[in-house]
Amino acid sequence: MINVTNIESMNIADYKGVWVFAEQRAGRLENVVFELLGEGRRLADELGVELSAVLAGSNVGELCAPLISGGADRVYCVDVPALKTYTTEGYASVIADLVKSEKPEVFIIGATNIGRDLGPRMAAKLNTGLTADCTGLAIDPEQKILLQTRPAFGGNVMAMIVTTRHRPQMSTVRPGVMKKLLPDPSRKGTVETVAVDETALNIRTIVKDIVKSARKDVDLTEADVIVSGGRGLGNPEGFALIKELADTLGGVVGSSRAAVDAGWIAQAHQVGQTGKTVRPKLYVACGISGAIQHLAGMQNSKCIIAINKAESAPIFDTADYGIVGDLYKVIPLMIEEFRRIKEN
């Protein structure tokens, strides 16, 4: 356990409440926001405090209602034209000033591209610590402080970090780790419009245009079905069979770190502590032994099927269904049977 202390003293008793950064892009809330609201709701209830969402952008008022139905008690809405497009200076300045004014004790941000940029800048402005890429959050029952868990040393160690003298306690959280709440449209909450002097934002970066890449990476965190291949495939050509099964099931292709390190498939497909954390309805692990680093990224899947030649493979301890056999014989039979079921 690492204890992060501060340079300047502060009265931590003044800080109350759990905050979530409600990241939006082009007027659409990112999926990780609802995962953070679900986790933030749990943390706030344990602390007996209010859960708030911080929403920044331009013409984003209609996004407040989904945040409240997703678990927030309060939404701080910063709605000004200068924040239409994300810039580090603009967002960090506005949100840091709001934190200084309202004094939340916990602030969690999604570990997206934007969140990984915003979090460190805010932490520097607030003279507080930041635990990046967390996979677990909890409240210490005695001290009532945030226990922040993240992988370290290439995923070989899980570090627990606490911030005893700084506030807020800040974390970026990996998408796909936390569980969303079912939206409740009947929930009541408060929306506070935050006034901002746009001329004082000191935004030095002007975004002239945003061009989306033509390349589309696989979205593992949103997939209902994932079929993953590992070292047991023996060669990169084995992923053609993995993709055929994934296509048959209406899913996407995942992989273990070993397959990525071998250069058999792109890193965007990697599941595990150093890849994506997923919780699909169905996860099929093919030729994956079940190292703890991989299990940490998929063990919360609703149903896990493992295919491996080694009867003693650790993956079978986590799987709901295990098939001991040669995946090059088993998977074609599965594909044939699933296709037959679809046709009927």
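No lab work stands behind these numbers, since they all come straight from the coordinates. Bear in mind the structure is a predicted one, so any value in this text is a computation, not a measurement. Note: ideal-geometry Cβ built from the backbone for every residue, glycine included; neighbour counts use all protein chains shown.
Numerical summary
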| quantity | calculated |
| --- | --- |
| Point-to-point label distance, ALA262-VAL211, nm (Cα→Cβ direction, 7 Å offset) | 3.7 nm |
| Distance violations [Cα-Cα > 24 Å] among LYS188/LYS281; LYS243/LYS302; LYS100/LYS180 | LYS188/LYS281; LYS100/LYS180 |
| For region 251-289 versus region 100-179, the gap between their alpha-carbon centres in whole angstrom | 25 Å |
| Listed residues LEU36, LEU47, LEU118, most fluctuating in the chain (Gaussian network, C-alpha, under 10 Å) | LEU47 |
| Amide H partners (placed H, <5 Å) of VAL191, local residues excluded | VAL75 |
| Check: the chain dipole with +1 on Lys, Arg Cβ and -1 on Asp, Glu Cβ, in debye | 300 debye |
| Order of HIS269, HIS166, HIS294 - criterion: other Cβ atoms within 10 Å of each residue's Cβ, fewest first | HIS166, HIS269, HIS294 |
| Helix axis angle, 238-249 relative to the chain longest principal axis, alpha carbon, degrees | 70 degrees |
| Cα shape, region 2-200, gyration tensor, a/c 1.5 rule | rounded |
| Using alpha-carbon coordinates, inclination of helix 31-47 to the longest axis of the chain, degrees | 60 degrees |
| ALA195 paired with ARG25, simple spin-label distance in nm, labels 7 Å along Cα-to-beta-carbon | 3.4 nm |
| Listed candidates [x] 30, 24, 19; [y] 36, 24, 19; [z] 40, 22, 19 - label of the one calculated as semi-axes √(5λ) of the Cα gyration tensor in Å | [z] |
| Cα shape, region 76-144, gyration tensor, a/c 1.5 rule | prolate |
| Rounded to whole Hz, the Karplus (6.51, -1.76, 1.60) HN-Hα couplings of region 58-67, x for glycine and proline | 10, 6, 10, x, 6, 7, 5, 4, x, 5 |
| Within a Gaussian network of the chain (alpha carbon springs, distance under 10 Å), most fluctuating of GLU39, GLU311, GLU244 | GLU311 |
| Cβ crowding within 10 Å averaged over residues, with 237-243, 101-107 ranked highest first | 101-107, 237-243 |
| 5 angstrom amide H check on ARG25, placed H, neighbours 5+ away | GLU30 |
| Summed side-chain charge close to GLY189 - residues other than GLY189 whose Cβ falls under 11 Å, Lys, Arg +1, Asp, Glu -1 | -1 |
| Calculated from backbone phi, Karplus (6.51, -1.76, 1.60) coupling profile of region 309-320 in Hz, x at Gly/Pro | 6, 8, 4, 8, 4, x, 4, 5, 6, 9, 5, 7 |
| In order through region 106-114: 3J(HN,Hα) via Karplus (6.51 cos²θ - 1.76 cosθ + 1.60), integer Hz, x for Gly, Pro | 9, 9, 10, 10, x, 7, 8, 4, 5 |
| Simple Cβ-charge dipole of region 220-343, Lys/Arg +1 and Asp/Glu -1, about Cα centre, in debye nearest 20 | 180 debye |
